[in-house]
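Below is one structure, written out as structure tokens, with a few remarks after it.
The values are calculated or read from the model by the stated rules, or taken from the named source; none is laboratory data. Computed from a predicted model, the values in this text were never measured in an experiment. Cβ atoms come from the backbone with ideal geometry, glycine included; neighbour counts cover every protein chain shown. Each accessible area value is taken on the protein alone, full model and side chains, heavy atoms only, with ligands, DNA and RNA left out. Shrake-Rupley method; radii C 1.70, N 1.55, O 1.52, S 1.80 Å.
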Amino acid sequence: MKKLLMTAVTALTLATTTALAAPQTYAMDDSGQEYSALQTESSWMAVEVPLAALGGSVPSDLSIAVSGLPAGTTVTLDSVDTMAQTALLYVTVARSDTTSNVNAVADIAVKSGSTVLTTVSIPVYGAAYN
């Protein structure tokens, strides 16, 4: 029983530590309103990334590589700004087919040259229309 209890405590501690190590990622609009997801057909949102995850400042050769989205759905980096201890990665979210929904999680690798500095994940949503 004691061994089972210690195993449970260790697992809970590991799960809590892992959850705290991966902060929630938000998108922000130009008025400072935060969103829990990116929206398709938008070019007014920024992904918030802690500057500490980038080494304390924004590298001059910052780029992103995005995975996890349906074919034809893209997130491209337009510009980068800073606010307090946060880098704001302004992005355009587009898709080639608006007749189907998008409900996926974008895994965004934030890179300096070929080195991945951090990876953030954020949902991407888009309603179908003609």
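Can you name the residue in segment 28-44 that is free of Cβ contacts under 8 Å to residues at least 40 places away in the same chain and part of a loop (DSSP other than H, G, I, E, B) and is also least open to solvent (accessible area, probe 1.4 Å) among such residues? Restricting to residues being free of Cβ contacts under 8 Å to residues at least 40 places away in the same chain and part of a loop (DSSP other than H, G, I, E, B), the top hit is Asp29.
Here segment 1-48 is the region considered, the condition is being modelled with pLDDT of 90 or more and among the aromatic types (Phe, Trp, Tyr), and the residue that is nearest to Asp107 (Cα to Cα) is Tyr35.
Residues of segment 110-130 that are open to solvent by 40 Å² or more (accessible area, probe 1.4 Å), closer than 19 Å to Met45 by Cβ and part of a strand (DSSP E or B): Thr119, Ser121, Tyr125. Exactly one residue among Thr74, Thr25, Thr92 is assigned to a loop (DSSP other than H, G, I, E, B) and open to solvent by less than 80 Å² (accessible area, probe 1.4 Å), and that residue is Thr25.
Considered as a group, the residues in segment 53-71 that are of a type in the set (Gly, Ala, Ser) and over 15 Å from the mean Cα position of the chain (by Cα) include one that is most open to solvent (accessible area, probe 1.4 Å), and that residue is Ser60. The set of residues in segment 95-109 being open to solvent by less than 70 Å² (accessible area, probe 1.4 Å) and of a type outside the set (Asp, Glu) consists of Arg95, Thr98, Ser100, Val102, Ala104, Ala106, Ile108, Ala109. The number of residues in segment 36-95 that are polar (S, T, N, Q) and within 15 Å of Tyr125 (Cβ to Cβ) comes to 6. With respect to Val47, is the statement that it is of a type in the set (A, V, I, L, M) and surrounded by 18 or more Cβ atoms within 10 Å (Cβ to Cβ) true? Yes; evaluated as a whole, the condition is true for this residue.
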